[in-house]
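Input: a single structure, listed below in structure tokens.
The values are calculated or read from the model by the stated rules, or taken from the named source; none is laboratory data. Owing to the predicted nature of the structure, the values given are computational and were not obtained by experimental measurement. Neighbour counts run over all protein chains shown; Cβ positions are idealised from the backbone, glycine included. What goes into the accessible areas is simple: the full protein's heavy atoms, side chains included, and nothing from ligands, DNA or RNA. Shrake-Rupley method; radii C 1.70, N 1.55, O 1.52, S 1.80 Å.
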Amino acid sequence: MRRVAVLVSGKVQGVGYRAFAQAKAWELGLSGYAENLPDGRVEVVAEGPEDELQRFLELLAQGPRAARVEHLEVQWSEATGLTGFRTY
């Protein structure tokens, strides 16, 4: 199991991005969270099988229809045992 931490830049707040990330994580069986940051970015952390996390990254790069994703800053590490997927 792996962990990916992603900082998502662009028009990603106020457009349903966190709910989108949560729905896709549930579809892929991933655990983690999505949180708005004060600087306008969204932080997404997810844990699960690496192939599912790679697919998740592809989806995060697209985002929901109203979003405009400009950049993903990705950091990989070992899973820490997160359960469920929450939004903050």
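Residue by residue through region 1-52, note down the ones that are out of contact with any Asp or Glu (no Cβ under 7 Å at 6 or more places or on another chain) and of a type in the set (Lys, Arg). Once the filter is applied, which keeps residues that are out of contact with any Asp or Glu (no Cβ under 7 Å at 6 or more places or on another chain) and of a type in the set (Lys, Arg), region 1-52 yields LYS11, ARG18, LYS24, ARG41. Name, by its number, the condition in (1) in contact (Cβ under 8 Å) with a residue 24 or more places away in the chain; (2) open to solvent by less than 60 Å² (accessible area, probe 1.4 Å) that does not hold for ALA61. Failed condition: (1).
Within region 1-23, restricting attention to residues that are open to solvent by less than 50 Å² (accessible area, probe 1.4 Å) and not in a strand (DSSP E or B), the residue that is farthest from LEU72 (Cα to Cα) is ALA23.
Yes/no per residue for (1) in a strand (DSSP E or B); (2) open to solvent by less than 20 Å² (accessible area, probe 1.4 Å); (3) touching a Cys at 6+ places or on another chain (Cβ under 9 Å); (4) modelled with pLDDT under 95:
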residue: ALA25; (1), (2), (3), (4): no, yes, no, no
residue: GLY32; (1), (2), (3), (4): yes, yes, no, no
residue: GLU35; (1), (2), (3), (4): yes, no, no, no
residue: PRO38; (1), (2), (3), (4): no, no, no, no
residue: GLU43; (1), (2), (3), (4): yes, no, no, no
residue: GLU47; (1), (2), (3), (4): yes, yes, no, no
residue: GLU52; (1), (2), (3), (4): no, no, no, no
residue: ARG55; (1), (2), (3), (4): no, no, no, no
residue: ALA66; (1), (2), (3), (4): no, no, no, no
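Of the residues making up region 24-39, those that are farther than 23 Å from GLU78 by Cβ and free of Cβ contacts under 8 Å to residues at least 40 places away in the same chain are GLU27, LEU37, PRO38, ASP39. Of all residue pairs spaced 6 or more apart or on separate chains, those with beta-carbon atoms under 6 Å, a first member in region 71-88 that is closer than 15 Å to GLU58 by Cα and a second member that is among the polar types (S, T, N, Q) are HIS71/SER9.
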